[in-house]
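What follows is a single structure, written as structure tokens, with notes after it.
The values are calculated or read from the model by the stated rules, or taken from the named source; none is laboratory data. These numbers were taken from a predicted model, which means no experiment stands behind them. Note that each Cβ is placed from the backbone with ideal geometry, even for glycine, and that neighbours are counted across all protein chains shown. Heavy atoms of the whole protein, side chains included, go into the accessibility calculation; ligands, DNA and RNA do not. Shrake-Rupley method; radii C 1.70, N 1.55, O 1.52, S 1.80 Å.
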Amino acid sequence: MASTDFSRTVSTPSQHHTFDRSGAFFARLHIDLILLLLLIALATTGLAILYSGSGQEIGMVKRQAVHFGIGTLLLFITAQIPPRLYQLIAPWALAVGTLLLIGVLVAGVGAKGAQRWLDLPGPLPRFQPSELVKLALPLAVAWFMAKRPVPPRFRDLVQALVIIFIPTILILKQPDLGTSILISTSGLLVLFFAGMSWLLIFSMIGIVAAMAPLMWFFVMHAYQKQRVLTFLNPESDPLGSGWNIIQSKTAIGSGGIHGKGYLQGTQSQLEFLPESHTDFIIAVLAEEHGLIGVCLLLALYALIILRCLYISSRCETLFGRLLSGSMSVTFFIYVFVNIGMVSGILPVVGVPLPLVSYGGTSVVSLLLGFGLIMSMYTHRQRK
């Protein structure tokens with residue numbers, strides 16, 4: 001009897017095929033169901049962490065939920081557009097993004113010594129054009145390289161570097177060194193996936209290293225230099241520039257393996273940890289849920305990145321492979337840089353934790369990017 005019952009339990013066809021039918025339904029909507037479920041899991045986790053990191057401010061959580069709703073709607077819309085249309089609009093998207101960056105320099109809104117936003121009416125009243133360029137730049141570079149032979153010729157690389165250089169300089173002048181580095185990296189990753197030779201890669205690394213002293217004296221602002229000095233020795237100014245990273249490492253270390261429990265973190269709940277709802281939000285997770293909680297979050301990020309790389313490998317067109325591959329690795333870099341700066345192994349550059357830190361423009365632009373990746377994969381020709 002026990003054997004018969006077990007057989008009847010595990011052989012229900014409806015249970016076996018429910019996920020397959022759901023996947024087929026979403027495929028007709030040009031949505032990758034696995035990636036969508038992973039993103040929903042990350043967004044839900046992010047809202048729970050944000051509730052604690054914001055000092056249990058439900059209003060902030062509701063606003064972030066609205067941001068996720070807008071971003072998810074745009075993800076669905078973006079995924080419906082075929083890749084060939086993205087190839088047509090790619091250069092124009094970067095042109096619009098570049099004009100908006102110029103608008104920021106002319107009439108942008110400042111905060112904390114930086115001028116990075118434009119005030120707009122609607123659900124996202126403060127818009128950061130650099131978030132749009134995060135999508136437009138790899139889109140334009142992928143469009144450019146897809147029209148050239150691979151591996152790329154030297155003259156094609158020079159032209160592509162000019163495309164990358166212009167918006168990078170405009171963002172650097174806001175000033176936003178961290179975002180300018182990350183955005184330029186997204187464009188350079190397109191060149192890497194296009195087959196740029198390792199000799200050129202190492203040559204570029206050497207040129208950047210050689211230019212570092214010049215950047216220190218002639219490009220970097222005083223607060224950016226202070227961030228580097230604080231990274232090297234945060235204890236030199238424990239009550240000033242070193243406060244953030246010292247409190248962050250204290251929160252991470254005090255969480256131990258299992259953490260202190262949800263809403264029980266002293267550093268975040270007693271407001272010792274600054275920017276606990278934005279750049280340093282993972283320190284809240286580490287204090288309350290310990291190493292286990294951080295590892296689970298990293299595992300979720302890893303699944304998303306691996307799924308995106310799988311999608312990239314299955315794209316039919318060179319344009320799709322270049323774009324989705326670049327955006328997948330760029331997402332990993334965002335995660336790595338945020339966790340690196342919060343844990344003290346990288347300088348603090350103001351990079352939020354993707355889909356976890358509070359921020360409307362960041363959430364919407366990231367979800368738009370995942371919509372682009374889905375479009376590159378789901379609009380395959382039917383055999």
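Suppose we filter the stretch 300-346 for residues that are small (Gly, Ala, Ser) and closer than 12 Å to Ser375 by Cα; how many remain?
As a first pass, look at the stretch 300-346 and keep what is small (Gly, Ala, Ser): 302, 312-313, 320, 324-326, 328, 340, 343-344.
Restricting the remaining residues to those that are closer than 12 Å to Ser375 by Cα gives 312, 320, 324.
Looking only at that region, the number is 3.
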Name the residues in the stretch 58-81 that are open to solvent by 30 Å² or more (accessible area, probe 1.4 Å) and under 30 Å from Lys147 (Cα atoms), would you? Leu74, Phe76, Ile77, Gln80, Ile81
I'd like to check something: does the stretch 22-36 contain any residue that is modelled with pLDDT under 95 and loosely packed, with under 11 Cβ neighbours inside 10 Å? yes
Kindly indicate whether Ile281 is of a type outside the set (Gly, Ala, Ser) and under 28 Å from Leu37 (Cβ atoms). yes
In the stretch 193-203, residue surrounded by the fewest Cβ atoms within 10 Å (Cβ to Cβ) [restricted to those that are without any contact (Cβ under 8 Å) to a residue 12 or more places away in the chain and either in contact with a helix residue (DSSP H, G or I) (Cβ under 7 Å, 6 or more places away or on another chain) or under 20 Å from Gly325 (Cβ atoms) (or both)]: Trp198
Being open to solvent by 30 Å² or more (accessible area, probe 1.4 Å) and assigned to a helix (DSSP H, G or I) is the filter; apply it to the stretch 326-350 and report the residue that is nearest to Leu182 (Cα to Cα). Ile333
Test Ile181 against the stated conditions and say whether it is within 21 Å of Gly359 (Cβ to Cβ), open to solvent by 60 Å² or more (accessible area, probe 1.4 Å) and in contact (Cβ under 8 Å) with a residue 40 or more places away in the chain. yes
Please enumerate the residues belonging to the stretch 311-325 that are assigned to a helix (DSSP H, G or I) and of a type in the set (D, E, K, R). Arg314, Arg321
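Would you point out which residue out of Leu368, Leu353, Leu318 is more than 16 Å from Ala140 (Cα to Cα) and either in contact (Cβ under 8 Å) with a residue 12 or more places away in the chain or open to solvent by less than 10 Å² (accessible area, probe 1.4 Å) (or both)?
Leu353
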Going by what's in this entry, would Ile171 be described as under 30 Å from Phe319 (Cα atoms), within 26 Å of the chain's Cα centre (by Cα), at pLDDT below 85 and open to solvent by less than 80 Å² (accessible area, probe 1.4 Å)? no
Mind checking which pairs have a first residue in the stretch 131-147 that is in contact (Cβ under 8 Å) with a residue 12 or more places away in the chain and a second that is outside any helix (DSSP H, G or I) and of a type outside the set (A, V, I, L, M), Cβ under 9 Å, 6 or more apart or different chains? Glu131/Gly359; Met145/Pro152; Ala146/Thr317
Cβ contacts < 7 Å: first residue in contact (Cβ under 8 Å) with a residue 24 or more places away in the chain, restricted to the stretch 226-243; second residue outside any loop (DSSP other than H, G, I, E, B) and open to solvent by less than 80 Å² (accessible area, probe 1.4 Å), any location; separation 6+ or different chain. Result? Thr230/Ile245; Pro234/Ile245; Pro234/Ile246
Which pairs do you get when a residue that is over 16 Å from His277 (Cβ atoms) and in a helix (DSSP H, G or I), found in the stretch 35-51, comes within reach of a residue that is open to solvent by 50 Å² or more (accessible area, probe 1.4 Å) and of a type outside the set (Ser, Thr, Tyr), reach meaning Cβ atoms under 9 angstrom, with the pair 6+ apart or on two chains? Leu38/Leu303; Ala41/Leu303
Applying the selection to the stretch 222-274, what residues are assigned to a helix (DSSP H, G or I), hydroxyl-bearing (Ser, Thr, Tyr) and open to solvent by 70 Å² or more (accessible area, probe 1.4 Å)? Tyr223, Ser236
Residue satisfying condition, being surrounded by fewer than 24 Cβ atoms within 10 Å (Cβ to Cβ) and either of a type in the set (Asp, Glu) or at pLDDT 75 or above (or both), within set Val141, Val106, Val133: Val106
